[in-house]
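The values are calculated or read from the model by the stated rules, or taken from the named source; none is laboratory data. Worth saying up front: this structure is predicted, and the values here are computed from it rather than measured. Every residue, glycine as well, gets a Cβ built from its backbone with ideal geometry; the counts of neighbours run over all protein chains shown.
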Amino acid sequence: MTRMGYSTEHEAFRHTVRTFLDKEHEPNLSRFEAQGGTDRAFWRKAGEAGLLGLAVTGEGDFAFYAIAAEELGRTVGSATTGSSLMADVATFILDGHGTDAQKEKYLPGIFTGEWTQAMPLTEPNAGSDPTAITTTAIRDGDEYVIKGEKYFISNGTGANLLYVVAKTDPSARGRGMSVIIVEDGTPGLTRHKINTVGWKCGDTGALSFDNVRVPVTNLVGKEGGAMKIMMDTFLEDRIQIAARCLGAASKALELTLEYVKERMVSGQRVIDFQNTQFMLAECKMDIAITETMVDTALMKIRDKSFTFQDGAILKLFATQMEGRVLDKCVQLFGGAGLMDENPISRMWTAARIQRVYAGTDELQKVAIAKGML
Ligand SMILES: Cc1cc2nc3c(=O)[nH]c(=O)nc-3n(C[C@H](O)[C@H](O)[C@H](O)COP(=O)(O)OP(=O)(O)OC[C@H]3O[C@@H](n4cnc5c(N)ncnc54)[C@H](O)[C@@H]3O)c2cc1C
């Protein structure tokens, strides 16, 4: 089926991303796994290939991010490294809300991979309800003093540019939350990696802020403006997640097709069972629907008509779709599908994360329902 809305420039970019990932991501997986994540060298190479800071270099055309996300999802390795390069979506925070001085300081290094980003919002006791965070950033002269804990943060130990969400007004809920930049190496900041099922080296981190002092000029946007900044970024984030789900489901179907064409059971190929063909047909249908949804979302975000409800529908459908497809693929592999060294097993556990992180299925349903009430 022909995809809608992609120019020759987009397709050339897709080729660049694929070539980069084939050369710099896939062959280095065992190294990434041994060291617990991707490294600065990988990010620098991504910068050289023109894959970073797309919020700025893509001139607002989100299709470039979606293409990068889809191609990343399509690699076997992304089931192990997780959202990795997609942490770059945080550039929207800086580009959309940062001061000129902040942009001047960080953007050049974001393009080259010197600065890599993370968005620490979630805390041990505040996930689905972000307004319940207890991390505070209290003003003391020309500085904010940050105190609190962040948990489950993607790129959490490797990123050196953190957009920390903290309460500048602890007496308020959402309206008291602000985004403040904290750089790696700031005294009082410590972090460690958390092991997850799926995304074995996805660099999911726990961060601790023990009276971390940063200048007030590190505030991004207005005091109390964090919810608006986060909501704006969520729209783009929903699309890149859906695009990664699409890539992953397509790759899983490709791997499964190869396997069932070879595997012999009771004297016939597994693909020759009608049940197998029906399962593959359902996967193909799910993928085709998601392609159309992602491509439509890109058109809507281009003409600024993509709503929060649209984002919730897209995330809910695409992440569940990836789960459905991967579950069928594992079934068709039989026992081989559950072996750790088999990419399909890693893709299956990775798919499970997508329905929880960046807002659970239930929270997407809440948002869809709110749009109707
Ligand atoms: C691998 C990974 C990477 C992550 N990366 C980041 C990151 O980079 N930055 C960041 O800030 N966070 C990140 N997160 C955190 C993620 O966004 C949260 O885990 C998620 O929002 C859910 O919050 P929680 O884990 O606290 O679950 P809880 O909020 O404790 O939810 C528990 C259950 O209650 C349900 N529930 C909650 N509210 C409602 C409701 N109103 N109605 C019905 N059911 C409800 C939930 O759906 C869920 O099933 C990451 C998480 C993971 C696993």
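In the set (1) within 19 Å of Ile241 (Cα to Cα); (2) surrounded by fewer than 19 Cβ atoms within 10 Å (Cβ to Cβ); (3) in contact with a helix residue (DSSP H, G or I) (Cβ under 8 Å, 6 or more places away or on another chain), Gln331 fails one condition alone, (1). Among the candidates Ala132, Ala101, Ala159, the residue that is touching a residue at least 60 places away in the same chain (Cβ under 8 Å) and within 12 Å of the ligand (Cβ to nearest atom) is uniquely Ala159. Just to verify a result, which residue in segment 95-141, among those that are hydroxyl-bearing (Ser, Thr, Tyr) and within 27 Å of Ile194 (Cα to Cα), is surrounded by the most Cβ atoms within 10 Å (Cβ to Cβ)? Looking at residues that are hydroxyl-bearing (Ser, Thr, Tyr) and within 27 Å of Ile194 (Cα to Cα), I get Thr116. If I filter segment 216-233 for residues that are without any contact (Cβ under 8 Å) to a residue 24 or more places away in the chain, surrounded by fewer than 22 Cβ atoms within 10 Å (Cβ to Cβ) and outside any helix (DSSP H, G or I), do I get at least one hit? No, because not a single residue in segment 216-233 is without any contact (Cβ under 8 Å) to a residue 24 or more places away in the chain, surrounded by fewer than 22 Cβ atoms within 10 Å (Cβ to Cβ) and outside any helix (DSSP H, G or I). For Trp348, the conditions (1) within 16 Å of the ligand (Cβ to nearest atom); (2) of a type in the set (Phe, Trp, Tyr); (3) surrounded by fewer than 22 Cβ atoms within 10 Å (Cβ to Cβ) all hold with the exception of (3). All told, Glu123 falls short of being at negative phi, more than 16 Å from the ligand (Cβ to nearest atom) and among the charged types (D, E, K, R).
Is it the case that Arg14 is in contact with a helix residue (DSSP H, G or I) (Cβ under 6 Å, 6 or more places away or on another chain), in a helix (DSSP H, G or I) and touching a residue at least 12 places away in the same chain (Cβ under 8 Å)? Yes, satisfied. Checking each residue in segment 272-286 for being assigned to a helix (DSSP H, G or I) and either surrounded by fewer than 17 Cβ atoms within 10 Å (Cβ to Cβ) or among the acidic types (Asp, Glu) (or both) picks out Asp272, Gln274, Asn275, Gln277, Phe278, Ala281, Glu282, Lys284, Met285, Asp286. For segment 135-156, the candidate set comprises residues that are charged (D, E, K, R) and away from the ligand (no atom under 16 Å from the Cβ); within that set, the residue that is nearest to Arg40 (Cα to Cα) is Lys147.
Evaluation of Gly36 against the conditions (1) in contact with a strand residue (DSSP E or B) (Cβ under 6 Å, 6 or more places away or on another chain); (2) farther than 30 Å from Gly337 by Cα shows that the sole unmet condition is (2).
Here the condition is being touching a Cys at 6+ places or on another chain (Cβ under 8 Å) and not acidic (Asp, Glu); of Gln364, Gln354, it holds for Gln354 alone. Taking the condition within 24 Å of Val366 (Cβ to Cβ) and of a type in the set (Ser, Thr, Tyr), does Ser305 pass? When the stated conditions are applied, Ser305 passes them.
Return the residues of segment 22-67 that are aliphatic (A, V, I, L, M) and surrounded by fewer than 22 Cβ atoms within 10 Å (Cβ to Cβ); say none if nothing qualifies. I'd like the intermediate steps shown before the answer.
Taking segment 22-67 and keeping what is aliphatic (A, V, I, L, M), we get 29, 34, 41, 46, 49, 51-52, 54-56, 63, 66-67.
Of everything in segment 22-67, those that are aliphatic (A, V, I, L, M) and surrounded by fewer than 22 Cβ atoms within 10 Å (Cβ to Cβ) turn out to be Leu29, Ala34, Ala41, Ala49, Val56.
For segment 171-215, a residue qualifies if it is under 14 Å from Thr157 (Cα atoms) and free of Cβ contacts under 8 Å to residues at least 12 places away in the same chain, and exactly one does: Asn195. Residues in segment 165-176 that are of a type in the set (A, V, I, L, M, F, W, C) and either over 20 Å from Phe92 (Cβ atoms) or within 10 Å of the ligand (Cβ to nearest atom) (or both): Val165, Ala172.
Quick check on my filter: what residues within segment 78-98 are of a type outside the set (A, V, I, L, M, F, W, C), within 16 Å of the ligand (Cβ to nearest atom) and out of contact with any strand residue (DSSP E or B) (no Cβ under 8 Å at 6 or more places or on another chain)?
Residues of segment 78-98 of a type outside the set (A, V, I, L, M, F, W, C): 78, 80-84, 88, 91, 95-98.
Narrowing the set further to residues that are within 16 Å of the ligand (Cβ to nearest atom) leaves 78, 80-84, 88, 91.
Answer for segment 78-98, where residues must be of a type outside the set (A, V, I, L, M, F, W, C), within 16 Å of the ligand (Cβ to nearest atom) and out of contact with any strand residue (DSSP E or B) (no Cβ under 8 Å at 6 or more places or on another chain): Ser78, Thr80, Thr81, Ser84.
Results for (1) among the hydrophobic types (A, V, I, L, M, F, W, C); (2) touching a Ser or Thr at 6+ places or on another chain (Cβ under 8 Å); (3) not assigned by TED's automatic domain parsing to the domain that holds Leu121, shown as yes or no for each residue.
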residue: Met293; (1), (2), (3): yes, no, yes
residue: Phe306; (1), (2), (3): yes, no, yes
residue: Leu332; (1), (2), (3): yes, yes, yes
residue: Met339; (1), (2), (3): yes, yes, yes
residue: Met347; (1), (2), (3): yes, no, yes
residue: Val356; (1), (2), (3): yes, no, yes
residue: Gln364; (1), (2), (3): no, no, yes
